[in-house]
Amino acid sequence: MTVRKGDLHNQNWDEAARLAALNAYAILDSEQDGPFKNITTIAAKLFSVPTAFISLVDADTIRFRAAHGMALADTARVPGFCGSAVLQDKPWLVVNASADQRAAANPLVTGAPGLQFYLGIPLITPEGHAIGVLGVADLVPRRPTRKQIEHLKHLAAAVIGQMELRMTARQAIAEATRMVEEKNAELSQSRLLAREIDHRVMNSLQLVSSMLMLQSRSAESADTAEQLAVASGRISAVARSHQHIYLAADAGAVRENCQAYLQRLCLTISEILHFAEGRLNVEGEALDLPSDKLVPIGLIVNELITNAAKQGATNIRVTIQLSGENQIMLRVSDDGPGLPTHFSLENSKGLGMKVISSLARQLNGTLSAERCDWSDGAAFTVVFTAPQNEDFTPIIA
């Protein structure tokens with residue numbers, strides 16, 4: 001005999017809501033696993049029976065998620081012990097199946113495996129939906145004690161607790177994933193906006209530089225004209241530094257190969273200063289640096305190259321490489337006349353040196369000046385700490 005929905009003591013039965021609650025746990029198609037397996041093992045030992053199991057009752061199928069003692073394959077919901085047990089709001093007990101009219105005709109009793117004892121505790125969700133069964137079974141009749149039944153109820157509650165925990169964790173992961181995706185979208189939008197602002201700044205700087213250059217040509221005083229030309233050159237240098245970073249940003253780069261950036265920048269400087277090919281060279285190592293580090297580096301290089309050219313240098317080298325543990329060295333050296341006698345960075349009154357010193361401090365670096373090691377010219381070196389691992393990547397060729 002099969003128990004029908006109308007036989008249920010709880011008259012608030014709602015099969016659609018029950019199935020929705022079951023599907024919310026997203027466990028129907030999962031593999032059998034350790035925690036549920038452990039619970040069935042404890043249940044079997046509690047009753048000294050060969051078989052214990054956890055089943056979930058779908059619309060038409062009994063799905064076994066864990067079992068102790070025998071391998072249980074999914075089976076049709078009707079007829080079935082679990083299909084009957086899940087319709088109850090209390091333990092469903094069959095002491096002697098052959099003598100129990102509710103189960104005597106069940107194929108699991110009349111045929112293999114020949115069940116005689118069955119005790120199923122409905123797995124009740126916090127909302128009151130019975131979605132499955134924690135059960136024990138034997139091939140001989142048994143009468144469990146009240147204490148054993150109470151223990152099995154506690155184990156059934158542990159099964160629901162485990163399912164609730166997994167659902168909460170899954171929902172938390174989904175929410176975290178959604179938040180990360182939203183943050184990534186916001187970050188991408190911010191980067192696009194920053195690129196647009198950078199582009200506008202670059203265009204504005206180029207316009208200001210052009211206006212200053214025009215004013216220098218019409219200035220009545222030679223000194224004024226020179227100062228306007230110098231100011232125009234420095235503003236133009238800032239624009240060039242932004243331009244080459246902007247080109248990398250258009251390709252989606254947040255960090256860039258500093259050596260490649262300097263090569264592009266120096267090519268532009270060579271064209272402006274009308275250098276012959278080979279006069280200005282970039283050497284060293286390919287190092288990935290954050291884009292915000294490239295601006296002061298580019299301005300330092302521009303200032304030192306311009307100064308070297310004014311002093312009559314015919315060959316200029318720009319070097320970027322690792323120097324010691326977690327240090328980066330930027331050096332501009334030339335074959336010009338060299339440093340003046342008693343030259344001191346601390347006592348230098350030139351605006352150019354003050355600009356370079358300020359930019360070195362932006363990098364949290366130290367600036368030094370010495371005689372060039374490959375000529376009688378000068379060499380200016382900035383050593384600064386490499387960014388942390390998430391921002392700094394040495395490129396191994």
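The values are calculated or read from the model by the stated rules, or taken from the named source; none is laboratory data. Model, not experiment: these values are computed from the prediction. Cβ coordinates were reconstructed from backbone atoms using ideal geometry, including for glycine residues, and neighbour counts include every protein chain displayed. SASA here: full protein model, heavy atoms, side chains in, ligands and nucleic acids out. Shrake-Rupley method; radii C 1.70, N 1.55, O 1.52, S 1.80 Å.
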Relative packing of 153-162, 121-130, which averages over residues the other C-beta atoms within 10 Å, highest first:
121-130, 153-162
For residue 62, the residues 5 or more places away or on another chain with a placed amide H closer than 5 Å to its own amide H are 75, 76, 77
Using the Karplus curve 6.51 cos²θ - 1.76 cosθ + 1.60 with θ = phi - 60°, what ³J(HN,Hα) values do you get for each residue of segment 133-144, in whole Hz, with x for Gly and Pro?
9, 9, x, 10, 8, 8, 8, 10, x, 8, 10, x
With every protein chain kept in place and a 1.4 Å probe, the residues 138, 376 fall, from largest accessible area down, as 376, 138
Just reorder 374, 92 by solvent-accessible area, largest first, 1.4 Å probe, all chains present.
374, 92
Give the long-range amide H neighbours of residue 123: residues separated by 5 or more places, or on another chain, with amide H under 5 Å away, using H modelled in the peptide plane at 1.01 Å from N.
131, 132, 133, 134
The ³J(HN,Hα) series, computed from each phi in segment 149-166 with the Karplus coefficients 6.51, -1.76 and 1.60 at θ = phi - 60°, rounded to the nearest Hz and given as x for glycine or proline, is 4, 4, 4, 5, 4, 5, 5, 5, 5, 5, 4, 4, x, 5, 5, 5, 4, 5
Under the 0.36 nm per residue contour assumption, what length would be gained going from the current alpha-carbon distance of residue 102 and residue 358 to full extension?
83.0 nm
Using amide H atoms built in the peptide plane, which far-off residues or other-chain residues are under 5 Å from residue 282 H to H?
318
Carbon and sulfur together cover what percent of the accessible area of segment 248-354 at a 1.4 Å probe radius?
48
Per residue, in Å², the accessible surface of segment 291-376 once ligands and nucleic acids are set aside, probe 1.4 Å:
51
Lysines with Cα under 28 Å of residue 37, excluding same-chain neighbours fewer than 8 positions away:
45, 90, 147, 153
What spacing in nm lies between the two simple spin-label points modelled at residue 95 and residue 23, each 7 Å away from Cα in the Cβ direction?
4.2
Over segment 105-164, give the accessible area per residue in Å² for a 1.4 Å probe, as an integer.
45
For residue 181 and residue 16, calculate 0.36 nm times their separation in residues minus their Cα-Cα distance, and state this gained length in nm to one decimal.
56.1 nm
Checking the cross-link filter: which lysines have an alpha carbon closer than 29 Å to that of residue 293, excluding same-chain neighbours under 8 positions apart?
183, 310, 349, 354
Return the sequence-ordered ³J(HN,Hα) values of segment 282-296 in whole Hz as given by the Karplus equation 6.51 cos²θ - 1.76 cosθ + 1.60 applied to θ = phi - 60°, using x for Gly and Pro.
10, 9, x, 10, 7, 10, 7, 10, x, 4, 6, 7, 6, 4, x
